[in-house]
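Here's the structure we're looking at; comments come further down.
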Amino acid sequence: MPVELDPLLFGEIDPPQRLLMGPGPVNAHPRVLRAMSADLLGQFDPEMTGYMEQVMALYRPIFGTKNRWTMLVDGTARAGIEAALVSLVAPGETVLVVNFGRFGLLLTEILTRIGARIETVEASWGEVVPLAAIEEAIARTSPRLVATIHGDTSTTMAQPLEGFGALCRAAGALSYVDATATIGGMELAADRWDVDVVTGGLQKCLGGPSGSAPITISDTAAEHIFARRHTEAGIRMKGLEDGQGPRISSNYFDLAMIMDYWSEKRLNHHTEATSMLYAARECARVALGEGLAARYDRHTRSGRAMAAGLRAMGLTVFGDDAHRMSNVTGVHIPDSVDGEAVRAMMRDTFEIEIGTAFGPLQGRIWRLGAMGYNAMKHKVLITLGALEASLRAHGFVLPLGEAVPAAIEAWDSAGVGETA
Ligand SMILES: *Cc1c(COP(=O)(O)O)cnc(C)c1O
C-alpha cells in the first residue's frame with residue numbers, strides 16, 4: 001500500500017542548499033536558472049526560431065565544429081545518445097563499441113535494442129583503449145559505426161580521441177562520441193578529431209539542469225541519416241507498412257525529422273522545450289563569455305587540486321593518472337571506513353553530495369566532481385575540508401590539516417606543459 005499523503009499539505013518547493021560535488025548533476029549557474037524563468041514563446045514565433053539559430057551558433061565552438069547541424073535533442077543526455085544511435089544504425093549493421101566503463105555498456109544496451117551486430121574493444125575499468133587496439137578492432141570487424149565515450153564518469157577516465165575519427169573514416173565507418181561528461185569542461189574538437197556525431201548534456205561541466213542534449217552532426221552523417229528515411233512521396237506511394245528500407249524506428253529520436261525542424265523548413269515535429277532551450281542557450285553564453293580555454297583551465301585546476309588534497313589525506317586516487325578526467329576524481333575508500341556512512345555525514349552535516357560508484361567499483365571508490373559552476377577553488381577546498389572531518393569522525397587516522405593547503409598549492413601551480 002502506498003503511504004497516504006495529503007496533497008493539500010505539500011509546501012512550495014524549497015530544497016536544501018546542497019553543494020553537488022559528485023559526478024553530476026551539479027548546481028546550475030544562477031544565470032541559467034534565471035533564463036529558465038523567462039516568458040514562453042510559441043515554437044514557430046520568429047523570436048523563438050531566432051533563439052534556435054543562436055543556439056546552433058553558440059554550440060559550434062563548444063563542440064569545436066563548423067557543422068551546420070548543431071542543435072538540441074529534447075531530453076536528458078541519454079536522449080542525445082539514443083537519437084544518434086537509432087538514426088545512424090539500422091538493424092543488422094555492425095557497430096564497434098570502444099568500451100571502458102558503464103556508459104560504454106549503455107551504448108551496447110541501446111544498440112542491442114536497435115538490433116545491431118555489436119563488436120567491442122575494451123579496457124578494464126580505470127584504463128582507456130589504445131588507438132592501436134581500436135585500429136586493430138576496426139580492421140577485424142569492418143563496422144558501419146564506431147561508438148565511444150569521451151569521459152566515462154563511471155571510471156573517471158577520458159579516452160584520447162586525437163586520430164580516432166581518421167581511423168574510422170579510413171575504414172569507411174561513421175563515428176560517434178558521447179561527450180556528456182566533458183562538454184564545457186574538457187576540450188571537444190569534433191572537426192579536428194574528424195568524428196561524425198557528438199552528443200552532450202547540460203548537467204555536468206556546462207552547469208545547467210539535465211533535460212537538454214546538445215548534438216552536432218557532420219554533413220556525411222546527416223546525408224546518411226536523411227537517406228535512411230522514406231520521402232513523404234515514397235511513404236504515400238508504398239504505404240508505411242511495406243516500406244522495405246531501413247527506416248529509423250523511432251519517431252521522437254528521428255534525427256532527420258529533428259534536423260527538418262531545426263532547418264529553415266521548420267517542419268513540425270515535437271514542441272521545442274522552450275525553457276530548456278533558454279537554459280542551453282545561457283549555459284553556452286556563460287561558457288563562451290568565460291572563454292573556453294579559461295574554462296578548461298579552471299576544470300584542470302579543480303581536478304588537480306582535488307587529487308592533491310585527497311593524496312595529502314593519505315588516500316589513493318583511482319585509475320590511470322595519465323588519462324584521468326579533469327572534472328571527476330575517483331578515490332579509493334579506505335578499508336577501515338564505511339563509505340556510505342561517510343557520504344551520509346558529508347550530506348547531513350556539511351550539505352555536500354559526493355558520488356558513490358557502480359558495477360565493479362561499487363563500494364570501492366567515491367567519485368568527487370568539480371564541474372561547471374562548482375569547478376571553483378573554494379568549493380573544492382570546502383569539500384576537502386568536510387571530507388577530512390568526516391573521515392576523522394569515522395575513525396580514519398589521517399594527517400590533519402594537510403589536504404586544504406596541498407589543494408591550494410596545486411590550484412595555484414602551473415600544471416605540466418603550462419606556463420605560469
Ligand atoms: C552523466 C552521463 C550521462 C547521463 O545521461 P543522462 O541521460 O543525462 O542521465 C551520459 N553519458 C555520460 C558519459 C555521462 O557521464
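The values are calculated or read from the model by the stated rules, or taken from the named source; none is laboratory data. These numbers were taken from a predicted model, which means no experiment stands behind them. Methodologically, a virtual Cβ is constructed for each residue, glycine included, from the backbone with ideal geometry; neighbour enumeration extends over all protein chains shown. Ligands, DNA and RNA are excluded from the accessible area calculation, which covers all protein heavy atoms including side chains. Shrake-Rupley method; radii C 1.70, N 1.55, O 1.52, S 1.80 Å.
The per residue volume of the convex hull around the alpha-carbon atoms of the range 291-412 is 102 Å³.
On a per residue basis, the convex hull of the C-alpha atoms belonging to the range 89-135 measures out at 61 Å³.
The simple spin-label model puts a point 7 Å past each Cα toward its Cβ; for residue 191 and residue 37 those points are separated by 3.8 nm. Considering only alpha-carbon pairs that sit under 8 angstrom and 6 or more positions apart, the relative contact order computed for the range 30-286 is 27 percent.
Taking each residue as 0.36 nm, the span from residue 247 to residue 8 lengthens on full extension beyond its C-alpha to C-alpha distance by 81.2 nm. Between residue 140 and residue 340, the contour length at 0.36 nm per residue exceeds the alpha carbon distance by 67.6 nm. Residue 378 contributes an accessible area of around 100 Å² to the protein surface, as traced by a 1.4 Å probe with all chains present.
Helix 131-141 and the longest principal axis of the Cα set of the chain meet at an angle near 40°.
The count of lysine pairs in the chain with alpha-carbon distances below 24 Å, taking only pairs 8 or more places apart or on different chains, stands at 4. Mean-square fluctuations from a GNM of the chain, with a 10 angstrom spring cutoff on Cα atoms, peak among 314, 395, 339 at 395.
From the P(r) of the range 100-200, can you give the percent of Cα pairs sitting at distances over 23 Å? Distances greater than 23 Å cover 17 percent of the Cα pairs. For the chain, the dipole from Cβ point charges (+1 on Lys and Arg, -1 on Asp and Glu) about the Cα centre works out to 400 debye, to the nearest 20. Normalised by 2.2 N^0.38 Å, where N is the number of residues, the alpha-carbon radius of gyration of the range 30-286 equals 0.99.
Counting only alpha carbon atoms, the long axis of helix 403-412 and the longest principal axis of the chain meet at about 50°. Mean silhouette area of the range 46-111, derived from the convex hull of its C-alpha atoms and averaged over all directions, reads 6.0 nm². The spacing between the range 1-61 and the range 241-316, judged by their C-alpha centroids, is 14 Å.
Across q = 0.20, 0.31 Å⁻¹, the range 35-77 modelled as identical point scatterers on its alpha-carbon atoms has Debye log10 I(q)/I(0) values of -0.75, -1.12, in the order of the q list. Considering only 88, 165, 146, the residue lying farthest towards the positive end of the dipole of the range 83-172 is 88, judged by Cα position with unit charges set on Cβ. Counting only DSSP beta bridges whose two residues both lie in the chain, roughly 50 percent are antiparallel. On the basis of the beta-carbon distance and an R0 of 45 Å, residue 275 and residue 223 show a calculated FRET efficiency of 0.85. For the range 299-391, the list of GluC sites (Glu not before Pro) that fall in a loop by DSSP and count at most 14 other C-beta atoms within 10 angstrom reads 351. Apolar share of the accessible surface for the chain: 55 percent from carbon plus sulfur atoms, 1.4 Å probe. Start at zero, step by 10 Å, and the Cα-Cα distances of the range 121-171 spread as 24, 55, 20, 0 percent across the bins.
Using a Gaussian network for the chain with springs between C-alpha atoms less than 10 Å apart, which of these wobbles most: 372, 359, 184? Its mean-square fluctuation being the largest, the pick is 359. Within the range 240-324, the proportion of C-alpha pairs whose separation exceeds 21 Å stands at 63%. Sorting 347, 301 on solvent-accessible area from highest to lowest, probe radius 1.4 Å, gives 347, 301. Helices in the chain, meaning DSSP H runs of at least 4 residues, each add -39500 (n - 2.57). Divided by all residues, the mean residue ellipticity at 222 nm is -12500 deg cm²/dmol.
In this structure the chain gives 43 Å² per residue of accessible area when probed at 1.4 Å with all protein chains present. Each of residue 393 and residue 297 was given a label point 7 Å from its Cα along the Cα-to-Cβ line. The distance between the two points is 3.7 nm. Once the Cα atoms are used to define both axes, helix 77-88 deviates from the longest principal axis of the chain by about 30 degrees. May I ask for the net charge around residue 100, where only other residues with Cβ less than 14 Å from the Cβ of residue 100 are counted and Lys, Arg are +1 while Asp, Glu are -1? Once positives and negatives cancel, what remains is -3. Within the range 184-213, what residues put their amide N at less than 19 Å from the label point 7 Å along the Cα-to-Cβ vector of residue 170? Residues 191-196 fall inside that zone.
A simple spin-label model places pseudo-atoms 7 Å from Cα toward Cβ; at residue 122 and residue 320 they are separated by 1.6 nm.
Highest mobility in the GNM of the chain, judged by mean-square fluctuation with C-alpha springs under 10 Å and restricted to 326, 275, 302, is found for 275.
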